[in-house]
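Have a look at the structure below, then the notes.
All of the numbers you see were taken from the coordinates with simple rules; none came from a lab. This is a predicted model, so every value here is computed, not measured. Cβ coordinates were reconstructed from backbone atoms using ideal geometry, including for glycine residues, and neighbour counts include every protein chain displayed.
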Amino acid sequence: MTPLEALRTALEALRANPLRSALTMLGMVIGVAAVIAMVAVGAGAREQVLSQIASLGTNLVLVGQGSIQRGGVRLGAGSAASLTEDDAAAIAREIPGVRATAPSVRWGLQVVAGNQNWGTTLFGITPAYLEARDWTVAAGRPISDHDAAQGAKVVLLGETVVRNLFGGGDPLGETVRMFATPLTVVGVLGAKGQNAYGQDQDDVVFVPLATAKRNVPGMAKSNPRFVHSMVVKMADGADMAAAQAQIRELLRQRHRLGEGQDDDFWMRDLGEIAATRDASARALSFLLAAVAAVSLLVGGIGIMNIMLVSVTERTREIGLRLALGARRRDILLQFLIESATLSVIGAGIGVVAGVAVAAGVARVAGWPTLIAFDAVLLAVGVSGVVGVFFGLYPARRAARLDPIAALRHE
């Protein structure tokens, strides 16, 4: 018997019991659909995490103000006005591998345009800030060195602010007011979306650092050079741990901190956050795939049970084939093909069902999903292997039947 004849015989046997064949394939359908849907959800979640991390920028060290202690009470991070623009300049000058250093101040405020207003976060920045954060300007121009030097009354708006102040209108050249100070809109920032902490990065306004310090009430006037934080962008391939150590040592020297004294600033390598969240998302993908793979195992066991029933029901047919000259390997091949056919057809239906489930999850729950072609191939391939593996025992049992005993079977 040729493989083609064996396939035709197997399909005829499956068509003889369509309901049983359909119920047998159901296990594989559910298994493959679960694998594809779960992997799609896991891959989509990982892709979202990676895009959020990428939106922060790459090779970044974030430096912020530390805490101070008064009367035994520690006032928390940000209470020590310890960082200055001169610190940022020293880092850019003395730390090797620094591409950009961007000091900034921030403030929550209400921005007004015409009869519209919106509560947002103001950042006073230098021109290097956009380079450090890999932030583009979608329309207009960025803050220039001239703007920074002169403390020009210009502003860049994030997309969320533009949408709430101007709707669908063009804000370029328009005037917005910040603490009654008129500012001219010179640019609209490119969209960043949410960051890894769920914060809307587009709900911001950027003005030159000197402009913020001059016009925001409550900014510390005792030290006009102070900044809330700074972003340090290192060159590609830089040793981030070594860079952090060098920055910490330099800042401790500049702040005259003795041995044993705590840092009056804090540092964070955003690359470490990226690696941690990426590892968590990858682990989630593997966990979901492993849970879904159990369904394939259950489907394979179901196929083996049905094939054993089929061998019992067709004992006289098998005995007749053997008596008429069929070889034992022909019987073995026929039942293996039946088992594999059930698996592959079930896998094909499962692929369609899995894609549909993933699309439904994305639409109803709002979760990101990503259908991976290699995951589809893997699920179909594994289902075929499962069909052959779990069909091997029933096939060998059928092939080893004694023809005479089989013909006498009632």
> Could you state the principal axis extents of the C-alpha atoms in region 81-263, from the largest down, to the nearest angstrom?
Replying inline: 56, 38, 32
> Packing-wise, with mean Cβ within 10 Å as the measure, how do 136-145, 339-348 rank, highest first?
Replying inline: 339-348, 136-145
>> To make sure I understand the rule: partners must be aspartates and glutamates, Cα under 15 Å from the Cα of Lys213, and not fewer than 8 residues away in the same chain. Which ones qualify?
In response: Glu85, Asp147
>> Please compute the contact order of region 81-263 in relative form: average sequence separation of alpha-carbon pairs under 8 Å and at least six residues apart, divided by the residue count, as a percent.
In response: 31 percent
> Tell me, what is the FRET efficiency for Ala191 and Arg141 to the nearest 0.05, using R0 = 22 angstrom and their Cβ-Cβ distance as r?
Replying inline: 0.80
> Taking neighbour Cβ counts within 10 Å as the exposure measure, how do Tyr393, Tyr129 sort from fewest upward?
Replying inline: Tyr393, Tyr129
> So, by mean Cβ neighbours within 10 angstrom, what's the order for 396-403, 261-268, 112-119 with the highest one leading?
Replying inline: 396-403, 261-268, 112-119
> PRE reach from Phe179 (point 7 Å along Cα→Cβ): which of region 140-164 fall under 16 Å by backbone N?
Replying inline: 151-155
>> If neighbour count is taken as other Cβ atoms inside 10 Å, put Leu333, Leu19, Leu209 in order from fewest to most.
In response: Leu19, Leu333, Leu209
> Cα gyration tensor of region 112-202, axes a ≥ b ≥ c as square roots of the eigenvalues: rounded (a/c below 1.5), prolate (a/b > b/c) or oblate?
Replying inline: oblate
> Straight-line reach from Lys153: which aspartates and glutamates have a Cα under 15 Å away, not including same-chain ones fewer than 8 places off?
Replying inline: Asp145, Glu174
>> Looking at region 81-263 only, what percent of DSSP beta bridges run antiparallel? Nearest 5 please.
In response: 75 percent
> When a footprinting reagent is the concern and you count Cβ atoms within 10 Å, what order do Val298, Val185, Val227, Val98 take, fewest first?
Replying inline: Val298, Val98, Val185, Val227
